[in-house]
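The values are calculated or read from the model by the stated rules, or taken from the named source; none is laboratory data. No experiment lies behind these values; they were computed from the predicted model shown. Note that each Cβ is placed from the backbone with ideal geometry, even for glycine, and that neighbours are counted across all protein chains shown.
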Amino acid sequence: MPVTSDFSISASVLQTKANDLTTTADQLTKVWSTHLDNGTAAGQADKVFHDTRTVNASSSEDLDLAAVLTDVFGATITFARVKALFIFAAPGNANNVVIGAGTNPWATWLNATGTITLRPGEAQAFFANVADATGHVVTAATGDILKVANSGAGTSVTYDVVIVGCSA
């Protein structure tokens, strides 16, 4: 099953200043993008996982990047490297979605103790980590867990996740 991927993130900002006779404007438009062909070499990817997931109140889940997740065709995925990671916290969440370290953490992306907090509905979830051409290494059994936690009690949280990488 060939995989071809395109990733982009853009910024568009207009800043104005009223002067005596004119209004000065500064328009920023910037797009960062990358393309990955099918394969396992630098600049390529051959595995994809995507899902909308829910974590119960005061709970967490471990996304095991080596031999536990399944793709949309039901095949088990084993990532050797991750080339892109996108996570978006649903706007309706009452609690934060916390991404980070757990047991056997996938520490090549975010060190073993680091976390990222995605507050409800923030585009910060556009933590669009598109790695360099070789990607972030996944080490089965010792460095393959991406932990996703619900920061509070009372309600569950929902998030979207897209992981693109390669099997070798």
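For region 33-49, how many residues are touching a residue at least 60 places away in the same chain (Cβ under 8 Å), in a strand (DSSP E or B) and more than 14 Å from residue 148 (Cβ to Cβ)?
Number satisfying all stated conditions: 6.
Would you pick out the residues in region 48-64 that are over 16 Å from residue 129 (Cα atoms) and not β-branched (Val, Ile, Thr)?
Matches in region 48-64: 51, 53, 56, 57, 58, 59, 60, 61, 62, 63, 64.
Given 117, 142, which one is closer than 30 Å to residue 41 by Cβ, of a type in the set (S, T, N, Q) and either at pLDDT below 90 or exposed (fewer than 14 other Cβ atoms within 10 Å of the Cβ) (or both)?
142
How many residues does region 122-139 hold that are at pLDDT below 75 and either more than 15 Å from the chain's Cα centre (by Cα) or outside any loop (DSSP other than H, G, I, E, B) (or both)?
4
Being loosely packed, with under 15 Cβ neighbours inside 10 Å, over 30 Å from residue 153 (Cα atoms) and not aromatic (Phe, Trp, Tyr) narrows it down to one of 42, 57, so name that one.
42
Can you pull out the residues in region 146-165 that are over 13 Å from residue 55 (Cβ atoms) and buried (at least 21 other Cβ atoms within 10 Å of the Cβ)?
163, 164, 165
Looking for something in contact with a helix residue (DSSP H, G or I) (Cβ under 6 Å, 6 or more places away or on another chain) and surrounded by 13 or more Cβ atoms within 10 Å (Cβ to Cβ) - is there at least one such residue anywhere in region 7-17?
Scanning region 7-17 turns up no residue that is in contact with a helix residue (DSSP H, G or I) (Cβ under 6 Å, 6 or more places away or on another chain) and surrounded by 13 or more Cβ atoms within 10 Å (Cβ to Cβ).
Every residue in region 18-32 that is exposed (fewer than 11 other Cβ atoms within 10 Å of the Cβ) and in a strand (DSSP E or B), please.
Result: 18, 23, 24, 25, 26, 27, 28, 29, 30, 31.
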